[in-house]
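Notes for the one structure printed next.
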Amino acid sequence: MPELLEIIHSTRAMRRLKPDPIPDDLVRRVIEAGLAAPNPSNQQRWRFLVVRDAEAKRQIQRYYARAFEEGVRDHYLASPPPPGVTQEQYLRQLKAVTYLTDHFHEAPVWVVACLQDGESPGRGAGASIYPAVQNMLLAARALGLGATLTTRHLRYGAEVDAILGLPPDAHSYAIVPLGYPMGRFGPTRRAPLSEVVFDDRWGRSTSLAPASDQPIGASH
Ligand SMILES: Cc1cc2nc3c(=O)[nH]c(=O)nc-3n(C[C@H](O)[C@H](O)[C@H](O)COP(=O)(O)O)c2cc1C
């Protein structure tokens, strides 16, 4: 198994997945990694739905695709590439995002991360569930499974939560499609460290920047 930092730097959004089934043992280990995450007072108000039901996935994919048509695609087309990413890489990202939109329901398993957060959750609620989601992404990578953190369904959150039978005091926060990847892992591409890290005060250059401060992941 690759070492932890190698896993972290190569855990990118794996949007092209094979529809082949994946063993329950791997799904269990991914979720166990999620359950190890920090959470407020260790209350563990999270719940995880393992969704294999083709009809439910298809219904939710329609909302996911609708949200893409209603704004996500135009946003991609109108935005410059993000920091550390070339125009060419950004167009490849849009292709992969489009692929996942069309094939979302074909991933053999989704893990839907939910939180029992009450009927009107506050602004910080996501902090109680996203550490678990990140742990699951890293575990999936370590086990050779592809995964993506997705939240686009939240544009139709009430409809999706109803399809999945959530009670009124619980909400879904992420859908993580899991499957064997078609492509290779990593590297993630990010802005150079000096652009986002300051020493002591906002805007002050950091002494941590390496001499050849390049976009992270650029050399791969
Ligand atoms: C809060 C959040 C929501 C996201 N939602 C989606 C999504 O709905 N669909 C998708 O394809 N990717 C989604 N992503 C993945 C990001 O697009 C991805 O992490 C980013 O482009 C960087 O790419 P990389 O992780 O492959 O390096 C989401 C990521 C985060 C953190």
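Observations
- Residue within the stretch 186-201 that is small (Gly, Ala, Ser), within 14 Å of the ligand (Cβ to nearest atom) and at pLDDT below 95 present: yes
- Counting only helices (runs of 4 or more DSSP H) that sit completely within the stretch 1-113, those holding 1 or more residues that are under 20 Å from Ser172 (Cα atoms) correspond to 24-35, 54-67, 87-103.
- Evaluation of Tyr90 against (1) among the aromatic types (Phe, Trp, Tyr); (2) over 18 Å from Arg66 (Cβ atoms); (3) within 13 Å of the ligand (Cβ to nearest atom); (4) touching a residue at least 24 places away in the same chain (Cβ under 8 Å) (one fails), failing number: (4)
- Candidate set from the stretch 77-117 (those that are hydroxyl-bearing (Ser, Thr, Tyr) and closer than 18 Å to Arg190 by Cβ); member that is surrounded by the fewest Cβ atoms within 10 Å (Cβ to Cβ): Ser79
- Residue in the stretch 137-147 that is at pLDDT below 95, away from the ligand (no atom under 12 Å from the Cβ) and out of contact with any Phe, Trp or Tyr (no Cβ under 8 Å at 6 or more places or on another chain) present: no
- Only one of Leu115, Leu164 that is within 22 Å of Phe48 (Cα to Cα) and in contact with a Lys or Arg (Cβ under 7 Å, 6 or more places away or on another chain): Leu115
The values are calculated or read from the model by the stated rules, or taken from the named source; none is laboratory data. For clarity, every value in this text was computed on a predicted model and none was experimentally measured. Quick reminder, even Gly has a Cβ in these numbers, built from the backbone with ideal geometry, and neighbours come from all protein chains shown.
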